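Nothing in this text is a laboratory measurement; each read-out follows from the coordinates by a stated rule. Just so you know, these numbers come straight off a predicted model, no measurement behind them. Note that each Cβ is placed from the backbone with ideal geometry, even for glycine, and that neighbours are counted across all protein chains shown.
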Amino acid sequence: MTDMILHHYEISPYSEKVRLGLGLKGLAWGSVEIPVIMPKPDLTALTGGYRKTPVLQIGADIYCDSQLIMRELERRHPTPSFYPAGHGAADALAWW
């Protein structure tokens with residue numbers, strides 16, 4: 001299994017979304033708390049300057065933006081799914 005490391009800060013609602021997703025899927029992950037405000041030298045070195053959080057590191061792959069992270073988690077670990085079976089509700093949830 002590939003190690004997952006979530007770079008985040010506690011009060012970010014986007015980080016909370018990803019933490020909940022990781023929990024729903026029952027995935028093991030590591031945590032790196034980053035500063036709320038700049039400078040974020042460790043994150044900048046990891047992302048090449050991308051400043052928003054959260055950032056998920058899976059092996060050598062880096063995923064920025066909570067929607068992208070959630071899609072990647074769903075792709076790698078489809079069960080249990082984040083999305084209901086019907087397209088209507090799944091499309092609505094994609095914007096969450």
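Helix 13-24 and the longest principal axis of the Cα set of the chain meet at an angle near 50°. A Gaussian network model of the chain, with springs between Cα atoms under 10 Å, assigns the largest mean-square fluctuation among Arg76, Arg19, Arg51 to Arg76.
Equivalent ellipsoid of the range 4-94: semi-axes from √(5λ) of the C-alpha gyration tensor, largest first, are 25, 13, 12 Å. The dipole here belongs to the range 4-94: it is taken about the Cα centre, uses +1 on the Cβ of Lys and Arg and -1 on the Cβ of Asp and Glu, and is about 60 debye. The packing ranking, built from the mean of other Cβ atoms within 10 Å per residue, places the peptides 31-40, 3-12 in the order 3-12, 31-40, highest first.
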